[in-house]
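Participant: Take a look at this one; I'll ask things after.
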Amino acid sequence: MIAKWKGELRATFHLAAPLAIAHAGMQLMGLVDTAVVGRLGATQLGAVGIANALFFFIGTFGVGIVMGVDPLIAQAFGSGARIRARLILWQGVWLASICGAVLSVPMILSPAMLPLIGVDKAIASEATAYLVVRTFSLVPLLVYFVIRGYLQARLVTRPIVWSMIIGNVFNLVADIVLVHGGQGLPAWTGPLRWMPSYGIVGAGIASVAGSLLGLWILADGVRRLEIDLSDVRHRALAPVEFAKAFRVGLPAGLHLGAEVGIFALVALLAGRLGESDLAAHQIAISLAAMTFTVVMGISAAASVRVGHAIGSRDIEGTRRAGLVSVLAGALFMFFCAILFWTFPRQLASLFTGSPEVIATAVPLLFVAAIFQISDGIQGVSAGALRGAGDTTFTFLASLVGHWFVGFPVALGLGFGLGMGIVGLWWGLSAGLTAVAAILLVRFMGLSAAAIEPL
């Protein structure tokens, strides 16, 4: 018994580690874009921040939808049906293409609302220019997530890690050259010195090119796998499998939308409290987001391990895979909680030199330390349930926990009792804890008996 749990922990770690690196790499790309564009001025920095927020909000919904193929692929591999897994992969490509095309419309139109909510016209104009270009990266991004799900289900993670490493290096160089032009580059860069400056639009072009490069690396990784490619029928649209992937993915997209939405709303409420509160919120949420990237890697591993066990009809293995992953996520976030609790001032100082902002950020990091474990449990539990195809329940749990528990607590403490930004963060903590409890209880109940494969 102990040997099986140790083996599961080992397998989870080997899968989760590279996936966590991949998630951290995607987070780093956003930080690089912000840093490079920030040298153009406050207007461009604000514009790229707003545009990326819109792209992230709409794009996250699309990512959730295409993740509907993840449990289907994992369960197919768990049952040994490799050809069916390849068929589902292509349904995911179809789903990503259609979903990306549909979501591109609201993404392009969304900047038109910025002046209506009081955003400066100059910032809105720059944000519109950037987002129109960046929208062309949406379909490649969604297809990237589909192929990544296929590779991780095959336990092939090297192309995923390399796509992040190469993508980050490319993104840095492309950002510098396209945003600021090549005039200041050294002589050995050759023709790059003739490149004109495209400003904030250059950052959008770099993101599109980076998305295509990452997609090519993953597609090449799939091409190298040992499988018969002579039968091209699996590339055609299969209505039954396509519809099944959409039914599983739509609630997953709504789940991510509900979670992202509450954090976005708290950011808007923080903006009403003053510049220092908003800056402190951004610092604390950035640090919490970095720790959560590791949880996302463990969550993806949990989805794969649970999917494999369900596909092979291993009842004991299904529960063991989920619980080991949840335990791993909770332990990692426990150490992060200690870090936040012990060194809050030092961590905040990495982002700003303002004593006022640091002083405001310290209590937020104390709250973040308390909800780290809850965040780890809810993130990994959602991944385990996604591996079982139980995405509708995860959406409902997110809706209830964040919007019917967390949001009222945030309003009551933040504004009703006058606790300000700290009260808003206690609301986030309450919501995450509620979601964590609901999802963990759900997985325990669901895994007590055999789970029918999708």
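Read-outs: derived from the displayed coordinates by stated rules, not from any lab. In this text the structure is predicted, and so the values were computed from the model without any measurement. Quick reminder, even Gly has a Cβ in these numbers, built from the backbone with ideal geometry, and neighbours come from all protein chains shown.
Participant: Could you state the per residue volume, in Å³, of the convex hull enclosing the Cα atoms of region 254-454?
Facilitator: With only Cα atoms used, region 254-454 gives 91 Å³ per residue.
Participant: For each of MET444, MET419, MET164, count neighbouring Cβ atoms within 10 Å of the residue's Cβ, then give the residues from fewest to most.
Facilitator: Least crowded to most crowded, the residues run MET444, MET419, MET164.
Participant: Another question, if that's okay. Where nothing but the Cβ of Lys and Arg (+1) and of Asp and Glu (-1) is charged, how large is the charge dipole of the chain around its Cα centre, in debye to the nearest 20?
Facilitator: 1000
Participant: Grab every C-alpha pair in the chain, bin the distances at 20 angstrom width from 0 up to the longest one, and report whole percents.
Facilitator: 24, 58, 18, 0
Participant: Tell me, in nm to one decimal, what length is gained between THR392 and ARG223 on full extension, where the rule is 0.36 nm per residue of separation less the Cα-Cα distance?
Facilitator: 57.5 nm
Participant: Take SER303, SER354 and order them by how many other Cβ atoms sit within 10 Å, fewest up front.
Facilitator: Ascending number of Cβ neighbours within 10 Å: SER354, SER303.
Participant: Another question about this same structure. Enter the Cα centre distance for the pair region 314-358 and region 254-282, rounded to the nearest angstrom.
Facilitator: Each part's Cα centre sits 20 Å from the other's.
Participant: With a bin width of 5 angstrom, please list the P(r) values of region 113-172 as percents of all Cα-Cα pairs, from the 0 bin to the one holding the largest distance.
Facilitator: 4, 14, 15, 17, 14, 11, 10, 9, 5, 2
Participant: Test of understanding: what is the full-extension gain from ARG10 to GLU316, defined as 0.36 nm times their sequence separation minus their Cα-Cα distance?
Facilitator: 108.5 nm
Participant: Not counting the cut sites, what is the longest span of the chain without trypsin sites (Lys or Arg not before Pro) that DSSP labels loop and that have at most 15 other Cβ atoms within 10 Å?
Facilitator: For trypsin sites (Lys or Arg not before Pro) (loop position, at most 15 other Cβ atoms within 10 Å), the longest site-free span of the chain is 40-223.
Participant: Could you list, bin by bin from short to long, the percent of Cα-Cα pairs of region 16-237 in 10 Å steps?
Facilitator: 8, 30, 32, 20, 9, 1
Participant: If you don't mind, there's one more thing I want to ask. Using just the helices of the chain, give the 222 nm mean residue ellipticity in deg cm²/dmol: DSSP H runs with n ≥ 4 each add -39,500 (n - 2.57), and the total is spread over all residues, rounded to 500.
Facilitator: -27500 deg cm²/dmol
Participant: A further question follows. Which helices pass in the chain if a helix is a full DSSP H run, must span at least 24 angstrom along its long axis by Cα, and must have mean Kyte-Doolittle hydropathy not below 1.6?
Facilitator: Both cut-offs are met by 42-66, 420-446.
Participant: OK, next. What nm value, rounded to one decimal, do you get for the distance between VAL173 and LEU109 when each label is placed 7 Å out toward the C-beta?
Facilitator: Taking the two extended label points, one gets 4.0 nm.
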